[in-house]
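The next block holds one structure in the form of structure tokens; read it before the comments.
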Amino acid sequence: MAVVKGNGSHTDDPLFAFRVQAAFIVLGLAVAAATVSWLLLRTSSINTVDFYLLPVVAFIGLSGIVWLALDPRRVNTVLLLWLYTVAGYELLDLQSSFVAVMKSSNLFGHGTVWFVIVTLAAFIALPPRNALLFSSFYNLLAVVINVVAFSNGIHSHQLNGVLQFHAANISALAVLWALSQLQTRYGQVERLSSIDPLTGLLNRRAFEVRMARANGVCSLVMFDIDFFKSVNDTHGHAFGDVVLREVAAALTNHAPPEASLARWGGEEFMLLLPNVTATDARVVAGQLCR
């Protein structure tokens with residue numbers, strides 16, 4: 001049985017670098033927004049939730065930035081901690097600010113515009129399906145809060161405002177879900193266009209792109225399977241396909257991590273070794289042959 005290379009670390013996540021960069025940006029904006037809002041609200045009127053929780057949001061965001069700077073591998077943990085913190089704050093603020101302002105003036109409160117940020121952050125911190133479930137539950141809690149708050153009666157202006165608030169947030173959720181599905185489909189199409197379907201290695205076209213982008217010293221190793229025609233003639237092409245897959249799995253498991261492997265055509269394979277001299281490439285080729 002072939003063994004798939006990989007240790008489950010962050011290096012297996014193609015979005016790892018993006019998540020780290022996005023986390024720094026999102027947390028930085030959250031800290032700035034919470035701090036500025038708290039300072040500005042202190043000069044006017046500030047409810048108890050904002051007075052106590054805005055500094056907490058800023059502190060957790062700042063702590064997340066420091067933690068991320070010290071250990072970027074914890075990016076998912078940092079994002080989840082911040083996501084749950086802000087979701088809790090927004091739901092409490094909805095009950096204390098949105099409802100109060102809507103009942104007194106039929107207008108949206110200042111913090112209303114930030115409610116959708118939690119949904120946006122969910123699609124950064126979580127896989128698309130989990131983000132959809134989290135955001136749906138988050139918006140459902142918001143609906144429950146408003147249903148309870150206005151259970152004693154609601155006039156047409158208030159109803160219009162509440163319905164628009166929830167419609168806008170649900171629409172944002174739907175758009176983000178659609179975008180995540182488009183991204184997944186584009187990724188699948190890109191993979192199909194660059195991967196050899198039999199072996200799972202890069203195909204010739206994708207490998208030529210890798211070669212064109214290679215910088216500095218690099219080595220190429222080209223090799224094939226000896227007497228492969230006799231394998232097909234004796235045992236059939238289906239068995240030959242099994243041999244190709246097993247050889248590809250062995251190469252994947254034993255090639256250097258930074259190497260690029262491709263099925264060049266038929267039983268021919270190519271190996272691109274960046275930052276490797278010809279002498280060292282011969283050593284690698286010998287190890288793969290063994």
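Considering only Arg19, Arg42, Arg73, the Gaussian network model of the chain with Cα springs below 10 Å gives its largest mean-square fluctuation to Arg42.
Over the chain, with every protein chain in place, what whole percent of the accessible area is carbon and sulfur at 1.4 Å, could you tell me? So the carbon and sulfur contribution to the accessible surface is 64 percent.
Comparing Val209, Val99, Val75 in a Gaussian network model of the chain, where Cα atoms under 10 Å apart are tied by springs, the biggest mean-square fluctuation is seen for Val209. A simple count of charges around Phe207, restricted to other residues whose Cβ falls under 14 Å of its Cβ and scoring Lys, Arg +1 and Asp, Glu -1, yields +2.
Rolling a 1.4 Å probe over the protein heavy atoms leaves Trp38 with an accessible area of roughly 60 Å². For Val175, the accessible surface of its heavy atoms amounts to roughly 80 Å² (probe 1.4 Å, protein chains only, rounded to the nearest 10).
The phi-based Karplus calculation (6.51 cos²θ - 1.76 cosθ + 1.60; θ = phi - 60°) puts the 3J(HN,Hα) values of the stretch 126-138 at 10, x, x, 5, 5, 5, 5, 5, 4, 5, 5, 5, 4 Hz, whole numbers, x for Gly and Pro. For the chain, adding -39500 (n - 2.57) for each run of n ≥ 4 DSSP H residues and dividing by the number of residues yields -22500 deg cm²/dmol at 222 nm. Taken along the Cα-to-beta-carbon direction at a fixed 7 Å, the label points for Ser136 and Asn106 span 3.5 nm. With protein chains left intact and a 1.4 Å probe, residues in the stretch 99-199 average 60 Å² of accessible area per residue.
Please work out the C-alpha center-to-center distance from the stretch 70-112 to the stretch 15-39 and express it in whole Å. For the stretch 70-112 versus the stretch 15-39, the Cα centre distance is 14 Å.
Please compute the contact order of the chain in relative form: average sequence separation of alpha-carbon pairs under 8 Å and at least six residues apart, divided by the residue count, as a percent. Contact order relative to length: 15 percent. Each part gets one Cα centre, and for the stretch 125-142 versus the stretch 208-226 those centres are 44 Å apart.
Applying Stokes-Einstein at 4 °C and 1.567 mPa s to the Kirkwood radius of the chain, computed over alpha-carbon pairs, gives a translational diffusion coefficient of 55 µm² s⁻¹.
Once backbone amide H atoms are built at 1.01 Å from N, Glu268 has no partners under 5 Å, excluding neighbours fewer than 5 places away on the same chain.
The values are calculated or read from the model by the stated rules, or taken from the named source; none is laboratory data. These numbers were taken from a predicted model, which means no experiment stands behind them. Positions of Cβ are generated from backbone atoms using ideal geometry, with glycine treated the same way; all protein chains shown enter the neighbour counts. Side chains included, ligands, DNA and RNA excluded: accessible areas come from the protein's heavy atoms. Shrake-Rupley method; radii C 1.70, N 1.55, O 1.52, S 1.80 Å.
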